[in-house]
Structures are given as C-alpha cells and as structure tokens.
1. Can you find even one residue in segment A:143-151 that is part of a strand (DSSP E or B), within 16 Å of the chain's Cα centre (by Cα) and under 30 Å from A:Asp331 (Cα atoms)?
2. Select from segment A:295-317 the residues that are surrounded by 24 or more Cβ atoms within 10 Å (Cβ to Cβ) and either of a type outside the set (A, V, I, L, M, F, W, C) or in a loop (DSSP other than H, G, I, E, B) (or both) and list them in ascending order.
3. Scan segment A:42-55 and report the pairs whose first residue is at the interface with another protein chain (Cβ under 7 Å from one of its Cβ atoms) and whose second residue is of a type in the set (Gly, Ala, Ser), with Cβ atoms within less than 9 Å and a gap of 6+ or a chain change.
4. Of A:Thr193, A:Thr213, which residue is modelled with pLDDT of 90 or more and hydroxyl-bearing (Ser, Thr, Tyr)?
5. Say whether the condition of being modelled with pLDDT of 95 or more, within 14 Å of chain A (Cβ to nearest Cβ) and either over 22 Å from B:Val335 (Cβ atoms) or outside any strand (DSSP E or B) (or both) is met by at least one residue in segment B:236-247.
6. How many residues are among the acidic types (Asp, Glu) and within 25 Å of B:Gln138 (Cβ to Cβ) if we restrict to segment B:291-336?
7. Across segment B:65-88, what is the number of residues that are touching a Cys at 6+ places or on another chain (Cβ under 8 Å) and either exposed (fewer than 15 other Cβ atoms within 10 Å of the Cβ) or assigned to a strand (DSSP E or B) (or both)?
8. Which of the residues spanning segment A:318-348 are outside any helix (DSSP H, G or I) and polar (S, T, N, Q)?
There are 2 protein chains.
Amino acid sequence: MRSAPLSSTESSWRAEAMDLHILDHRLRVTSISKTGLENYTHPLIKLIFLRNRTRCKFFSLTETPENYTVVLDEEGFKELQPSEHLQVEGSTWLPLNVISNGNASSSSQAVGVTKIAKSVIAPLAEQHVSVFMLSTYQTDFILVRETDLSVVIHTLQEEFNIYREVKGESVPVQGQNAQNGLRKNGREASHATVHPVLIPENQFCVMSLDPDTLPAIATTLIDVLFYSNNPKEDTSQAQDLECIKFFSFSLIDGYISLVMDTEAQRQFPADLLFTSSSGELWRMVRIGGQPLGFDECGIVAQISQPLADSDISAYYISTFSFDHALVPEEDIVSVTEMLKDQRKEAAR
Amino acid sequence: MRSAPLSSTESSWRAEAMDLHILDHRLRVTSISKTGLENYTHPLIKLIFLRNRTRCKFFSLTETPENYTVVLDEEGFKELQPSEHLQVEGSTWLPLNVISNGNASSSSQAVGVTKIAKSVIAPLAEQHVSVFMLSTYQTDFILVRETDLSVVIHTLQEEFNIYREVKGESVPVQGQNAQNGLRKNGREASHATVHPVLIPENQFCVMSLDPDTLPAIATTLIDVLFYSNNPKEDTSQAQDLECIKFFSFSLIDGYISLVMDTEAQRQFPADLLFTSSSGELWRMVRIGGQPLGFDECGIVAQISQPLADSDISAYYISTFSFDHALVPEEDIVSVTEMLKDQRKEAAR
C-alpha cells in the first residue's frame, strides 16, 4: 500500500531489527481560521506549488470543519505572518519515522498506525509523552515535542535502533546513561479520558501524485483548498450533516500525499492521482467532542491498540482541534462495535 | 495577426462601413500597490483561473514597475476588498470596439491602435474625451467614461454604425438629436503637453492561449505574476536598468491575451502560448515622466497619429500611472526619430 518497502507487521516486530529515525525537521503546528485563509493564500500557494521559491521541506495542510491545520518546518513557518487568524502551538515538534530493515514473517497485512501501536504509541503514552500523528500515503510521522526527546529516546531505545538524521546523514543515537534515563516526562498520569467519536458517512481515499505532475492539478487543488468554502456550499453541506469536510495535502521531502473524500476526488483528473493497487476506500473516526489540545497523552494509543489487537489497518491524522483515524471501509462496523464496547467499559 | 477577422486598414476606413460597438461591460480602473499584491492574491487567482466561481467577464492585470493595474467589470470589482493598497479611479468606463464589416482594399498591413488613430482616437481627443486604451492579442479596447458616452456617440456617429451590446444583442444606437449633439464634453482645451518617453531594451511578445490550456500554465503564471518581486530579483534588475518590468494578462469574454518580454516568455512551455505566424517582437515606448492621471486628453492621439502617418502597427496599453505603446522591433529606430522630432517641435 505504501510506496516505501512494506514494513514488518506489529505482531512480529519484536523479532526483527527495527529502526527509528528522528528526522531533520523542526516543526511548528499551527491553525488558520476559516475566515482567515484568504490572507494566507499567498504564502500557502508558494509552499505548495513553488518549490524553487522556498526551502521548506515539510509541509502539511489539513482542512477540517473547524479550521485549517498547517504543520511545517521553520523555513515554511517564516512565510506565515502573525495575525489574529493564525494560532501557533508553542512547541517545536520533531517527526519520528519507523523503518523496518528485517523480513516480515507475519501473515498480517495491517499497515499505518496499527503497525506501530504497540512498539511506539503505547510505550510513549505510558511515559506521558504527547504525540501528534500525521499519516501520509508514504509513511506515518510521529511528531513529539523537542523537549520530550530524551524521554522518547530512553523509552524506545531498548526496542529500536535509533538514528538522528543530520543533514542527510543518519547518525546512531547512543544509549543514554542512567541519569538521562531517569529523566522521565514529569507530567502527571491522569485517568484516561474516553473521548466521544464521530463517524461521518464520507468515503475517503489516500492518494499520491508524481510531484512533476503537481502543476497539472494546480487549479483544481487551488479551487478545492482555497475556494470551496463559499456560503452556498456551506448551506448545502449543512443539509448533508452526515458528511464532514476533510481534505489533507502534504508535501514532505518531495513526496506528495492527499487524503480526500470521494466527492472531492471526482474533481481531479483520474489519471494523475494514484492510490494503492487495491483502491481501498476508508471511513473516518473523528476523536474528540471538545478540541483535544496538545497535552493529553494516550489518545492515539486508545484507538490504535484495539485496532492492532484486531489487525485492522489505520491511517491517523491529528489536527489542531481533533484527531482522525481512517480505517478500511469493510472494517467500519467492527470498529464501531469496538468503540461502543470501549465506551461501555469506561462508563462502568 | 489578430484571431478576429483582419479589420480594414486606416487608409481605407472612410471608404468602408465600419461598426463601433459599445460593449456590455461596466468597468473600473484600479491599481494595487506592489507591497499590497499579497493581500489580493486570493481574489485575483479566482478571477484568472476559476471561471466557474465568478461572473466576471472582463479582467485585465498589468504589472509595471510602479504597481499592478487591474481593469475589471463590476462583478470582478466586487471581489476586491478596499484597503490602503487599492486605488480606484472614480469613474465607470465603457469599452468600445471597432469592427470592420467591409473589404480591406488598402495594401497597408498596420494593425492595432494605428488602425483606429484617425477614425476614433483623433476625433475623441479633439472633443476632449479621455480614453484609456487596452490592446490585446485579439483586438483593441477603447475605454471611455460612461459620462462621456453621449459626446462619444455624437463625435463618432457620422463615421460609424454604432451598436450598443445589451445582453448579447447588438442594438443600433439612434443618431442623437441636435440638443444632445450640442452637449459636448465641457472640459477646457489645454495646450497639448508633449510627455517624456522611455524606450526600454526589452523585447516583447503579444500572445494568446487556448483558455482550456490555462490550467497547464497556472503555476508558471502564478509564479510570474505573484512571486517574481522578491528583493533579490529587484537587485539584479536594478543592475539592468535598461529593461523594464512589464507583464500583462487579460481574460475578456473568454479570450486570453498575454504581453510579456522574452525573458518572462522563456519560463512558459513553448508549445502552449501562440503568437502571430510572423512571431514578431515588439519594443516599448513608455509615455509619461510623472503619472499621467486620467483627465488629460490626446495622449494616445499624440503617438498614434504619427504612427498612422507612417503606417506602423502598434499595440497600446494604458495603465494607472503611464501609457505604453508597443511597436514592431524593426520600426523602433524610426519611431525614436519621430518622437525626437515631435519633442523638438514642441520645444520651439
């Protein structure tokens, strides 16, 4: 499904050598208000389409009903002028990436966040490390706060070979000494909140595009991203309450990933966007009734663990307000049941 | 050269039936400051690329070293939010268009403003009617103030069949009665100022594009229009003082016209933009040392009359600050001489 070599599956990860890479991007997580997008059209179009004019290497833009979440490196962040329409999370975030260099021996085909639920997501949640997930067509980025890095390394170093990418070189991270190892994240453990979920009716596709053909879809992409929020359409969408506005574009280290529903997909030329050979459709589970914030830990773990237990693939996209898991359409009934059971147990 | 049927030439116009059409567009002439363009990227991209999202039918954007001149109809004008970066000329302007319906019998091949210098430009100048010219690949639009329309009709009705286009229909304009005929433009005749001219070194092309292929050049056009003014390039251009920044895009009644210098042209794919079969290059004569304003009459006449006398083709593009004539490259020496003589005479 991913263009990268298929990584080993969760059920066999302990038996293999797995690498965790700390990528060479220092990221900011921001949100632009719906009404403020116009003011940011100029820098955003530059970051999306004019690669010769920017040194930004990590850019992600996700539209949700609440706002536009923009995750980008410091080069990109410089392009966004402060205004009342721009909210910026205060931390610098670093993206982690799991790469398998062994042979997958399991029969499991599950991919995405499911694959790293037990090896990465659960241990970080136990150590009270907040994560911000960004699944793409190519891989899954696990964003952690730069200030949590020593805890992250200590937590994951037993199970992973950890490398830090520095200017294109992968430098092994030495095992930390006991003193560092003891410096755990100081946040208090809190009783895990089970958040309400929303399961909209849209079917989603996770797609990619040859960067050289990006100009060919430029006007369509611009239309969908910057001009699809006119009042008339909002009215028609209000009548169709079961669907949710969700569109995600990312351009990371030269790779493009797009997540959109089938209605948006119809606006694009069919021959340029590609998806996995199975052409799978995905359903969304939106996590959170009130905006989740950035400090609560274990939100991703709460949904990815049971998915891993059932060997169900999932993409996972965090945004400024809510988290979004995408599961295969054929699994949505069992996932819905699973989530119901989870809530029943929490209510006991 | 034009895609419209070749109109009759100036030297034979009196012998033929010529039609003057008052087009069904009510236009505003505006300018956006160089530093303010970012704030107008959102509406301008909509007007240029997203024809399904706007009812604007007349749009022209011209970048000069001073500013961006935007001429557009009322539907388009609604998209531009007032700000300190937007200057708006106070009048409503109507575009006139000369269409020949006879057979050209002259051997002259001159086109553009030259063709209408004696039939339209000179008589309007004599009646103290200000004109704002907009030559495109397809035709030459003569913009006059709506308040001058009765004077315009009275002035031109003897030589033209005048039609007013109303919702796609061409309605003949009845000859005005004596009372209206006497209502000449009240402006005072002033001694004709001979304005300084600038003749930059750039070579220009006047081109068109199938509107269906506009998406294919979208990122290049966006780059050239909205992102080519970064400080670095300004520095390099300052070293090359003999060239001038000039780029014009218009989308009028579905027809696209582009005027750019050969340096800008190289950024576009060669197979999509087309020009006349002769592939002629043009040199610019910029008219005006100080911004010309909109009230002085006879500026176009001053340069188009001698060009007509010499049967030299010319495009003519007025902008918010200055006027710009484009003449065939091979004629620039004689045009320069002609302009020198004109200035010598004025100095006597």
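The values are calculated or read from the model by the stated rules, or taken from the named source; none is laboratory data. Quick caveat: nothing in here was measured; it's all calculated off a predicted structure. Glycine also receives a Cβ, built like all others from the backbone with ideal geometry; neighbour counts cover every protein chain displayed.
1. So in segment A:143-151, the residues part of a strand (DSSP E or B) come out as A:143-145.
Filter once more, so that each one left must be within 16 Å of the chain's Cα centre (by Cα): A:143-145.
Checking which are under 30 Å from A:Asp331 (Cα atoms) leaves us with A:143-144.
Scanning segment A:143-151 turns up at least one residue that is part of a strand (DSSP E or B), within 16 Å of the chain's Cα centre (by Cα) and under 30 Å from A:Asp331 (Cα atoms).
2. Filtering segment A:295-317 for residues surrounded by 24 or more Cβ atoms within 10 Å (Cβ to Cβ) gives A:299-300, A:303-304, A:307-308, A:314-317.
Once the filter is applied, which keeps residues that are surrounded by 24 or more Cβ atoms within 10 Å (Cβ to Cβ) and either of a type outside the set (A, V, I, L, M, F, W, C) or in a loop (DSSP other than H, G, I, E, B) (or both), segment A:295-317 yields A:Ser304, A:Tyr315, A:Tyr316.
3. Taking only residues 6 or more apart or on different chains, the pairs are A:Ile45/A:Ala218; A:Phe49/A:Ala218; A:Phe49/B:Ala218.
4. Answer to the check: A:Thr213.
5. Within segment B:236-247, not a single residue is modelled with pLDDT of 95 or more, within 14 Å of chain A (Cβ to nearest Cβ) and either over 22 Å from B:Val335 (Cβ atoms) or outside any strand (DSSP E or B) (or both).
6. Here is the first cut: in segment B:291-336, the ones among the acidic types (Asp, Glu) are B:295-296, B:309, B:311, B:323, B:329-331.
Those left that are additionally within 25 Å of B:Gln138 (Cβ to Cβ): B:311, B:323, B:329-331.
Adding up the residues that qualify gives 5.
7. Taking segment B:65-88 and keeping what is touching a Cys at 6+ places or on another chain (Cβ under 8 Å), we get B:72-73, B:75-76, B:79.
From the residues that got through so far, the ones that are either exposed (fewer than 15 other Cβ atoms within 10 Å of the Cβ) or assigned to a strand (DSSP E or B) (or both) too are B:72-73.
Here the count works out to 2.
8. Narrowing segment A:318-348 to residues outside any helix (DSSP H, G or I): A:318-328, A:348.
Correct list: A:Ser318, A:Thr319, A:Ser321.
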